[in-house]
1. Determine which member of the set Met108, Met139, Met98 is within 23 Å of Arg32 (Cβ to Cβ), aliphatic (A, V, I, L, M) and at pLDDT below 95.
2. Of the residues that make up segment 139-148, is at least one β-branched (Val, Ile, Thr) and either within 20 Å of Gly112 (Cβ to Cβ) or part of a loop (DSSP other than H, G, I, E, B) (or both)?
3. Of all residues in segment 132-157, count the ones that are within 26 Å of Arg95 (Cα to Cα), among the hydrophobic types (A, V, I, L, M, F, W, C) and surrounded by 10 or more Cβ atoms within 10 Å (Cβ to Cβ).
4. Being surrounded by fewer than 12 Cβ atoms within 10 Å (Cβ to Cβ), acidic (Asp, Glu) and either in contact with an Asp or Glu (Cβ under 7 Å, 6 or more places away or on another chain) or in a helix (DSSP H, G or I) (or both) is the filter here; which residues of segment 1-45 pass it?
5. Right, Asp50: surrounded by fewer than 21 Cβ atoms within 10 Å (Cβ to Cβ) and at pLDDT 90 or above or not?
6. Which ones in segment 94-114 are over 17 Å from Ile136 (Cβ atoms), assigned to a helix (DSSP H, G or I) and among the hydrophobic types (A, V, I, L, M, F, W, C)?
7. Somewhere in segment 143-159, is a residue more than 13 Å from the chain's Cα centre (by Cα), at pLDDT 95 or above and of a type in the set (D, E, K, R)?
Amino acid sequence: MSELTVRPLAEADLAAVVAGITSRDPAQHRRRLAEHQRDTGFTELIAWIDDVAVGFVGLGLFDDASPDEMMESRGFALVYDLHVEEPFRRRGAGRALMTALEDRARAMGAPGVILDTGTGVDFAAARALYRSMGYIDQMSVYLGGWSDPDHPGVHYVDRLTTWLKPF
C-alpha cells in the first residue's frame with residue numbers, strides 16, 4: 001500500500017515538487033515558497049505518495065491589514081488552487097490536502113474556510129469533494145478573472161461559485 005503524507009512546501013523539497021508536479025510551471029512553486037518564507041500568511045501544502053510530490057493546495061490567512069483580502073476571505077482561511085496530478089487522482093490526495101489545510105486553519109484560529117471553484121464539468125470532482133467534506137455552496141455564480149503571472153499577457157475568466165465551511 002502506498003504511503004500518503006501532506007506537509008508544507010519547504011526549500012529542500014522544491015526540486016522534488018517541480019519534478020513531481022509537472023502540469024504547473026515551476027515558477028509557481030518558487031513564488032509560493034517565497035511568499036511562505038516572507039511570512040505573508042500563505043502556506044502551500046504538498047501531498048506526497050511514496051515520496052513523490054503529487055498535489056498541492058494553498059492556504060491564505062489574512063488579518064485586517066489588507067481590506068481587499070479581508071473582503072475576499074471574509075476573515076476565513078482562503079483556499080488557493082487545490083490540484084492533484086492526473087495519474088494520482090482518486091487516491092485520497094485531494095481529501096488529505098483539504099484535511100491538512102482545515103487542521104492548520106483551525107490551529108491558527110480561523111473561523112472556517114472559504115473557497116471558489118469552477119461551475120463547469122471539469123470541476124465536478126472538486127465540487128463533490130467539497131460537498132462530502134461539509135462545505136456549503138453559496139449558490140451564487142459570478143465571473144472571476146485572473147492573470148497568469150507565469151505567462152504575461154494571459155488572462156482568464158471563469159464562472160465560479162463560493163463555498164464555505166464554518167468551524
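1. Matching residue, one of Met108, Met139, Met98: Met108.
2. No, there is no match, as no residue in segment 139-148 is β-branched (Val, Ile, Thr) and either within 20 Å of Gly112 (Cβ to Cβ) or part of a loop (DSSP other than H, G, I, E, B) (or both).
3. Residues that pass the stated criteria total 4.
4. Answer for segment 1-45, where residues must be surrounded by fewer than 12 Cβ atoms within 10 Å (Cβ to Cβ), acidic (Asp, Glu) and either in contact with an Asp or Glu (Cβ under 7 Å, 6 or more places away or on another chain) or in a helix (DSSP H, G or I) (or both): Glu3, Glu11.
5. yes
6. Passing the criteria: Ala96, Leu97, Ala100, Ala107.
7. Scanning segment 143-159, I find no residue that is more than 13 Å from the chain's Cα centre (by Cα), at pLDDT 95 or above and of a type in the set (D, E, K, R), so the answer is no.
The values are calculated or read from the model by the stated rules, or taken from the named source; none is laboratory data. This is a predicted model, so every value here is computed, not measured. Cβ coordinates were reconstructed from backbone atoms using ideal geometry, including for glycine residues, and neighbour counts include every protein chain displayed.
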